[in-house]
Amino acid sequence: MEHTKHLWRAGAIAIFLVLTALLVRHLLVPESFGVDGFYRYDSLAEFMNKPVVHGGATSCEPCHSEQFETKMAGSHVSVTCEVCHAPLAQHVADGAKTADMPVMRSHRLCGWCHQKLVSRPEDMPQVDIIEHLEAFEMIPEEGDIPEGICGECHDVHDPGLG
């Protein structure tokens with residue numbers, strides 16, 4: 001038994017470390033963690049008290065009914081306005097316009113959904129943007145793609161050929 005002293009010491013240290021880890025975990029993890037899922041349940045109230053910045057799918061209709069109707073009748077019906085524009089709170093507060101709404105006109109925005117990728121469903125309209133622009137001779141000599149080039153042929157609210 002004399003030669004096992006180091007094993008008893010290692011076991012005691014291991015038990016001490018495990019108990020210390022459990023104590024630290026108990027002190028650091030909030031009581032509401034795991035009550036309703038793998039998150040801190042008390043955080044729901046904190047998130048609910050944050051100001052609303054997004055308006056949702058129909059928030060633009062009262063002032064922009066023509067664009068809204070075009071979008072609702074077109075293939076972008078499932079895309080909210082705030083995907084291409086900024087959150088509503090940057091444009092409207094308490095029902096009044098506070099600033100011009102930013103608009104992203106880059107071809108990269110269209111590419112987020114329409115860039116040709118093998119992983120996308122086949123019925124999703126996809127295009128190799130460079131090939132597409134070259135086919136219609138729309139890329140300038142220096143190769144930079146100009147801002148808003150997709151909007152020259154496509155109505156962004158209903159992108160079928162205009």
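Any read-out appearing in this document is the output of simple, stated calculations on the displayed coordinates, not a laboratory observation. What you see is a predicted model; the values in this text were computed from it and never measured. Please note: Cβ atoms are built from the backbone with ideal geometry, for glycine as well, and neighbour counts cover all protein chains shown.
Observations on the structure shown:
- The Rg/Rh ratio of region 52-103, with both radii computed over alpha carbons and Rh defined as the Kirkwood radius, is 0.94.
- Approximate spin-label separation residue 105-residue 19, in nm, with each point projected 7 Å along Cα-to-Cβ: 7.1 nm
- For residue 117 and residue 46, the difference between the fully extended length at 0.36 nm per residue and the C-alpha to C-alpha distance is 21.7 nm.
- Contour minus Cα-Cα distance for residue 54 and residue 128 (0.36 nm per residue): 23.5 nm
- Only one of (i) 20.0; (ii) 9.3; (iii) 10.6 was calculated from the structure for mean projected area of the Cα convex hull in nm², and its label is (i).
- Helix-only arithmetic for the chain: the sum of -39500 (n - 2.57) across DSSP H runs with n ≥ 4, divided by the residue total, places the mean residue ellipticity at 222 nm at -10500 deg cm²/dmol.
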